[in-house]
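Following: one structure in structure tokens, then a few remarks.
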Amino acid sequence: MKKQFLSIGLLFAVGLLSAQDIPAGEVPSVVINQFHIDFPKAKDIEWELKNDTYKVEFEQGWGKDFDAWYTADGKSIKVKEETTKSELPKAVVTAIQKSYPSHKIEDVEKITEGEKVTYKVEVEKRDLEQTLFLNEEGTIIDKK
């Protein structure tokens, strides 16, 4: 029992050390400036540092959640945006309906890395849940 508590404590400590929330004052100004250029209407901003990568969680618009990652020199790495089924490209919706005709589309995220856009879509049928990753053309590139 003691070993289990020690193991759990160690895992928790490693998790805390691997990514830490930081105040905006500790984020390089070049990163802050690029973030404000990319997302001028961002609010509820929270910064995190992990392995020399700055992650910022924020809201924009009508409470839409975003995560964005930047290098220490201000280069955008990736943006993850909470979105809706109605904002999915028609090809993505068609592909899901064809492959999972009796499933309901639940959570949707748009992930942008450079010029590449991927959609993470959770589909559900009763107690069965599947996470799909699709490109803009509707090709399923991964499932979990």
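Throughout, read-outs are computed from the coordinates displayed, never taken from laboratory work. Computed from a predicted model, the values in this text were never measured in an experiment. Quick reminder, even Gly has a Cβ in these numbers, built from the backbone with ideal geometry, and neighbours come from all protein chains shown.
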Given (1) 1.27; (2) 1.04; (3) 0.99, the label whose value is Cα Rg over 2.2 N^0.38 Å derived from this model: (1)
Dipole magnitude of the chain about its Cα centre (Cβ charges: Lys, Arg +1; Asp, Glu -1), debye to nearest 20: 520 debye
Rounded to 10°, Cα long-axis angle of helix 90-99 versus longest principal axis of the chain: 70 degrees
Residue of 127, 52, 38 that the Gaussian network model of the chain assigns the largest fluctuation, springs spanning Cα pairs under 10 Å: 127
Filtered chymotrypsin sites (Phe, Trp or Tyr not before Pro), region 24-105: DSSP coil and at most 15 other beta carbons within 10 Å: 62
Lysines whose Cα lies under 26 Å from that of residue 125, excluding same-chain neighbours fewer than 8 positions away: 64, 80, 85, 90, 98, 104, 110, 143, 144
Selected from 100, 28, 111, residue furthest toward positive end of dipole (the chain; charges at beta carbon): 100
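Where in region 34-138 are there GluC sites (Glu not before Pro) that are in a DSSP coil and have at most 14 other Cβ atoms within 10 angstrom of their Cβ?
Details: sites: 46, 48, 57, 59, 81, 82, 87, 106, 109, 113, 115, 122, 124, 129, 136, 137; in loops: 115, 136, 137.
Hits after loop and neighbour filter: 115, 136, 137.
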